[in-house]
Structure formats: C-alpha cells, structure tokens
C-alpha cells in the first residue's frame with residue numbers, strides 16, 4: 001500500500017507484521033534515474049521521516065531511493081516496542097526493501113546509525129538474500145556503550161531504594177514485582193540521564209521523542225538490556241562489504257577515551273571480521289557540520305565503487 005504525501009518524492013509505505021498490524025515507513029525517491037535502494041534502520045524514538053529527509057536525503061541526488069520506518073511502539077506503527085521486537089521489525093523491513101529493489105532491478109544497500117546498527121547486524125547472518133553494502137555511521141556494536149547495563153541497574157536500584165547482587169538478581173526482583181521499574185523516581189533518574197546524552201530530543205517521564213512508554217514492553221526491554229548484548233555470536237557474512245565510520249570525538253559512545261575506543265574497535269571487528277574502519281577526525285557522534293558532508297560523499301563513492309566491481313564480475 002502506498003500513498004503520496006505533501007512532498008512529491010516522499011511516499012508512505014506499510015509493512016505487514018507476521019502476527020498482525022503493520023510498520024509505518026517512508027520512501028524518499030531518487031532525484032532522476034533510480035540506481036539503487038538504501039534501507040536505513042531508524043533510531044529509537046525517531047520518526048520514519050528522520051533518516052531519509054534529514055540525515056541521508058543527499059543520497060537521493062546520487063540515484064538512491066532511501067527507505068526507513070518506525071519500530072513497533074512508535075506513533076504510526078502497531079504493537080509494543082522491545083529490543084527483540086526492534087530486531088524483528090528490521091528483518092521485516094529488510095525483506096520488504098529487498099523485494100522492492102528486486103522489482104525495480106536495482107541493488108539494495110544499507111546504512112545505519114547508532115542503535116540501528118544493532119538491529120541491522122543482528123539480522124544479516126540469517127538472510128536468504130545478499131546486501132550490496134553494509135555501512136554504519138557512529139554504529140553501536142553492543143548495548144553497553146551509550147547506557148551501560150550497570151548504569152541502568154544503578155538507576156533502577158537508586159530509584160526504588162533496593163539493592164541487588166547482580167544483573168540476574170535484579171531481573172528476578174523485577175519479574176517478582178519486588179521492583180517497580182515504572183516508579184516515578186526511576187523515570188525521573190532515567191529521563192535526566194537521557195537528557196544529558198540527547199539534549200536535542202523531546203524527553204519526558206512518559207515518552208522518548210516519538211516513543212510513548214505506554215507502548216513499550218518495559219519489563220521485557222529492561223530484561224533484554226541487562227542480560228543480552230544482542231550482537232553476541234553475530235558475524236556478518238564475508239560477502240557483504242562492510243564500512244564502519246566513527247567520530248574520534250564521539251562523546252555519546254565515549255570514543256575519545258583510548259580504552260573505550262579499543263573495546264569499540266574490537267567489538268566492530270568481532271561483528272564483521274572483514275569490515276573497513278573509517279575514523280573521522282574531530283567528528284562527534286552526530287557527524288555535525290563538514291564531517292557529515294564528508295562522510296556522505298565517501299559513502300556515495302564506496303557504493304558506486306562496489307556496484308562497478310559487481311558489474312565486472
């Protein structure tokens with residue numbers, strides 16, 4: 001199903017979910033001839049339009065249809081958000097995008113940022129089709145960078161005034177309802193931490209940007225965050241070219257710290273042994289200013305080089 005929006009190049013798409021309902025997505029069409037499709041997993045809290053219209057719209061000038069969507073629990077998608085559901089949502093979006101690319105006889109590429117890198121990479125080993133390129137900008141290669149599990153555990157315990165021996169003990173107390181993770185004190189602390197990380201986002205005690213907390217599987221999400229790295233054991237197939245960009249002054253992930261940077265690079269190579277790593281000197285997490293323009297130019301060059309090589313085979 002697709003309908004025209006206010007912009008003549010932006011159209012809505014709906015992706016059916018296996019258990020009913022649909023994900024809301026948008027496609028920003030290429031300027032001129034369509035040469036490829038770029039699928040961009042969203043950020044948590046982001047609208048479907050954010051990545052195509054703001055972050056990656058210049059890819060359309062190079063012949064890309066740019067597609068993104070909203071995870072379950074967000075404004076226009078059905079269902080409840082959880083980390084597990086966001087991975088499944090990305091799988092459904094990949095399958096949809098591959099079908100669209102196949103119908104139009106063009107290659108499918110992926111570009112991800114931050115948390116979207118987790119949901120993308122988690123799916124790649126099990127796809128029954130190939131991806132022409134896997135590109136990440138300020139990607140996360142585990143859940144412990146932006147908000148380490150031990151920090152989330154501390155927020156919960158401080159908020160409710162209860163201690164736990166370890167993550168497993170904390171999860172047991174949550175499941176037994178000894179701890180109420182929706183307690184107002186916990187939400188206040190959680191909001192304060194998120195506002196420091198993302199000062200430009202609209203964050204309240206009942207929402208994170210476009211994600212309403214009453215549409216979050218809170219217990220499941222917190223349990224998954226505390227006990228599951230999500231990318232453990234994930235290895236991107238070697239026939240999918242991978243390029244990972246990071247800013248050397250990324251304060252959100254903490255990459256100015258040599259120890260954190262070393263762990264980050266190790267995690268990136270663990271997820272994709274063959275990945276080419278591209279440091280962007282002086283850039284922050286959001287690749288602000290000239291860094292963004294530089295990275296987008298480089299991505300366009302990488303994609304076109306890959307397509308030329310594939311044509312020669």
Exercise for the section: Name the residue, out of 283, 268, that is part of a helix (DSSP H, G or I) and under 19 Å from residue 302 (Cβ atoms). Expected result: 268
Handout entry: Positions within the stretch 183-203 being in a loop (DSSP other than H, G, I, E, B) and surrounded by 14 or more Cβ atoms within 10 Å (Cβ to Cβ), in sequence order
Key = 183, 198, 201
Exercise for the section: Write out, first by first residue and then by second, each pair whose Cβ atoms fall under 9 Å of each other, whose residues are 6+ apart or on separate chains, and whose first residue, in the stretch 257-274, is in contact (Cβ under 8 Å) with a residue 40 or more places away in the chain and in the same structural domain as residue 245 (by TED's automatic domain parsing) while the second is in a helix (DSSP H, G or I) and crowded, with 17+ Cβ neighbours inside 10 Å. Expected result: 271/117; 271/121; 272/121; 272/124
Handout entry: Residue in the stretch 240-252 that is closer than 25 Å to residue 82 by Cα, in a loop (DSSP other than H, G, I, E, B) and modelled with pLDDT under 95 present
Key = yes
Exercise for the section: Could you tell me whether residue 231 is in contact with a helix residue (DSSP H, G or I) (Cβ under 6 Å, 6 or more places away or on another chain) and buried (at least 18 other Cβ atoms within 10 Å of the Cβ)? Expected result: yes
Handout entry: Within the stretch 72-168, helices (runs of 4 or more DSSP H) holding 3 or more residues that are buried (at least 23 other Cβ atoms within 10 Å of the Cβ) and in the same structural domain as residue 15 (by TED's automatic domain parsing)
Key = 83-103, 116-121
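The values are calculated or read from the model by the stated rules, or taken from the named source; none is laboratory data. Quick caveat, the model's predicted, so the values are computed rather than measured. Glycine gets a Cβ as well: all are built from the backbone with ideal geometry, and neighbour counts include every protein chain shown.
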